[in-house]
Amino acid sequence: MTIPSHAPPRTIDVALGERSYPVWIGPGLLGDRARWRGALRGRHALVISNTTVAPLYLDRVAEGLDGLQWSPFLIDDGEAHKTFANVGRALEALAQLGATRDACVVALGGGVVGDLAGFSAACWMRGIDFIQMPTTLLSMVDSSVGGKTGVNLPAGKNLVGAFHQPRAVVADTDTLATLPEREYRAGLAEVVKGAAIGDPAFFAWLEANAAALNAREAAPLIEAIARKVQYKAGVVARDETEQGERALLNLGHTFGHALETAGKYQVLLHGEGVAVGMLLAAQLSERLGMSAAADTQRLHRLLDAVGLPTSIPAGMDPEQLLALMRLDKKNLAGTLRLILWRGIGRAEIVGGVNESEVMAVLKAATH
């Protein structure tokens, strides 16, 4: 994947008044100190990364931190390491650094690193700056934008967290060249999700450009990232703390998080869980008479075209999955509240969903 280094990055602003921030998307950005160094306002920085990403990209970031007191803090790679224990270790690292109220946490990695770094920044002295430097497609198009931070518990994913917006997002698309194929495809799930929720024209564009995206062609890939980020930035600006519209961004997530948790975060990547979850949500919508079979089929074909899973992994128990879905943060008054749709680009929040209908869809999809 190559794009001329002189090509200007795409800039998308997340409009939140005094807390607005830019999302820069393009090649060579980690080494572009002049662009992002100004977002660090103090003397201290803690770079949180993982043992896979740091050997590849930490040196580039370090060059831009010259003159600051900073240190790296590394966790092992994977969703299973997004824990309170690692947040505690990160906070101890900030203490050892002598970090003051104007310190900054830099998140260099995928969604796990970004969520944990952002939550650590939200906790230190009741909230300090942080910068997102996402290195996976999934984190570029989703978790790095919007200020959701958090950690997992054995009972479920992201049950503890805070809304804490970054100062900037530095999405260096050069990092995607080293992304394993499975991780890359998992990121495409969130791209598809954005189109499925509210942009039927983008959905059709993805159908037409699936082969180019599979080949990681630079120009279509940057276009896809920018269109998904632009859509999410608009939603976040209108509903920062998920009181209404922002909940739509969770299409497929109630099912998907249950699948991830049931597999102890070892069976499905987050994007894979979202892919299966979106299809289950579409199947439930169809079963409830909200949408047509043709829309479900189009989604199924697009997910297949970009190499994403579309069925529940073997051996998972529908009863356990439903129990995990009951813990979802969107539920109200003990009833299931799901993001369903009336077809491509027309997602909506549906409360009081009958559990027997959900169970029927889970059983039909279980092997």
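The values are calculated or read from the model by the stated rules, or taken from the named source; none is laboratory data. These numbers come from a predicted model, not from an experiment. Counting neighbours? That spans all protein chains shown, and the Cβs are built from the backbone with ideal geometry, glycine included. Ligands, DNA and RNA are stripped out before the accessible areas are found, and what is left, the full protein with its side chains, is counted by its heavy atoms. Shrake-Rupley method; radii C 1.70, N 1.55, O 1.52, S 1.80 Å.
Starting at the first residue of region 126-133, write each ³J(HN,Hα) from the Karplus equation 6.51 cos²θ - 1.76 cosθ + 1.60 with θ = phi - 60°, in whole Hz, x for Gly and Pro.
Couplings: 6, x, 10, 5, 8, 10, 8, 10 Hz.
Nothing charged except the Cβ atoms of Lys and Arg (+1) and of Asp and Glu (-1): what's the magnitude of the dipole of region 170-306 about its Cα centre? Round to the nearest 20 debye.
That gives a dipole near 220 debye.
Per DSSP helix of 4 or more residues, -39500 (n - 2.57); summed, then divided by the residues of the chain. What does that give at 222 nm, rounded to the nearest 500?
Only helices count here, giving -13500 deg cm²/dmol.
Please compute the Kirkwood hydrodynamic radius of region 41-188 from all pairs of different C-alpha atoms, in Å with one decimal.
15.0
Leaving out ligands and nucleic acids, and using a 1.4 Å probe, what accessible area per residue does the chain come to in Å²?
Dividing the accessible area of the chain by its residue count gives 38 Å².
Can you give me the long-range amide H partners of Val47? Hydrogens built in the peptide plane at 1.01 Å from N, cutoff under 5 Å, separation of 5 or more residues or another chain.
Here Ser71, Phe73, Val106 satisfy the definition.
Say the dipole of region 134-225 comes from +1 at the beta carbon of Lys and Arg and -1 at that of Asp and Glu; which of Val151, Thr173, Leu137 then lies farthest toward its positive end?
Positive-most Cα among the choices belongs to Val151.
Suppose every K and R has +1 on its Cβ and every D and E has -1 on its Cβ; what is the size of the dipole of the chain about the Cα centre, in Debye to the nearest 20?
540
Translational D (Stokes-Einstein, µm²/s) of region 34-95 at 4 °C and 1.567 mPa s when Rh comes from the Kirkwood sum over C-alpha pairs?
Roughly 102 µm²/s, to the nearest whole number.
With N set to the residue count of region 311-366, report its C-alpha Rg divided by 2.2 N^0.38 Å to two decimal places.
Against the empirical 2.2 N^0.38 Å value, I get 1.19 for region 311-366.
Any aspartates and glutamates with Cα under 20 Å of the Lys330 Cα? List them, leaving off those in the same chain fewer than 8 positions away.
Hits, sequence-local ones excluded: Asp115, Asp142, Glu190, Asp239, Glu240, Glu242, Glu245, Glu260, Glu319, Glu348, Glu355, Glu357.
Leu16's amide H: which non-local residues (gap 5+, or another chain) put their own amide H closer than 5 Å, with H modeled 1.01 Å from N in plane and none for Pro or chain starts?
Result for Leu16 returns Tyr21.
Could you work out the relative contact order of the chain? I mean the mean sequence separation of Cα pairs under 8 Å and 6+ apart, divided by the number of residues, in percent.
15
Would you mind classifying region 102-156 by shape? Square roots of the alpha carbon gyration tensor eigenvalues, ordered a ≥ b ≥ c; an a/c under 1.5 is rounded, otherwise it is prolate if a/b is larger than b/c and oblate if not.
The shape class here is oblate.
Using only Cα atoms, what is the ratio of the radius of gyration of region 53-136 to 2.2 N^0.38 Å?
1.02
Among the listed pairs Lys82/Lys148; Lys157/Lys264; Lys193/Lys264; Lys232/Lys329; Lys148/Lys329, which have their C-alpha atoms separated by more than 18 angstrom in this model?
Table pairs above 18 Å Cα-Cα are Lys193/Lys264; Lys232/Lys329.
Report the full-extension gain for the segment Lys363 to Thr241: residue separation times 0.36 nm, less the Cα-Cα distance, to one decimal in nm.
The Lys363-Thr241 span can extend by a further 40.6 nm.
Report the residues of region 130-151 in range of a label on Thr11: point 7 Å along Cα→C-beta, backbone N strictly under 19 Å from it.
Those under the cut-off are 131-134, 145-146.
List every residue whose amide H lies under 5 Å from the amide H of Gly150, counting only residues 5 or more places away in sequence or on a different chain, with H placed 1.01 Å from N in the peptide plane.
Close amide H contacts, sequence-distant or interchain: Leu116, Phe119, Ala162.
Tell me, what is the percent relative contact order of region 248-329, built from C-alpha pairs under 8 Å that lie six or more residues apart?
35 percent.
When the gyration tensor of region 213-319 is built from Cα positions, what are the square roots of 5 times its three eigenvalues, in whole Å, from largest to smallest?
Listed largest to smallest, the semi-axes of region 213-319 are 23, 19, 17 Å.
Name the helices (complete DSSP H segments) of the chain with a Cα length along the long axis of 24 Å or more and a Kyte-Doolittle mean of at least 0.0, or state none.
Helices meeting the span and hydropathy rule in the chain are 218-238, 270-287.
With 10 Å bins from zero, work out the P(r) of region 265-333 over every alpha carbon pair and list the percent per bin.
Result returned by the calculation: 18, 46, 33, 3.
Which residues among region 82-113 fall inside the zone where the amide N is under 19 Å from a point 7 Å beyond the Cα of Leu56, along Cα→Cβ?
Residues passing the 19 Å test: 82, 106-113.
Normalised by the residues of region 124-276, what does the relative contact order come to in percent, with Cα pairs under 8 Å and at least six apart?
Worked out over region 124-276, it gives 25 percent.
Rounded to the nearest whole Å³, what is the per residue volume of the convex hull around the Cα atoms of region 173-246?
96
Using a basic spin-label model with each label point 7 Å from the Cα along Cα→Cβ, how many nm lie between Ala34 and Glu217?
Modelled inter-label distance: 3.2 nm.
So, R0 is 22 Å and r is the distance between the beta-carbons of Leu332 and Leu153; what FRET efficiency does that work out to, to 0.05?
0.60
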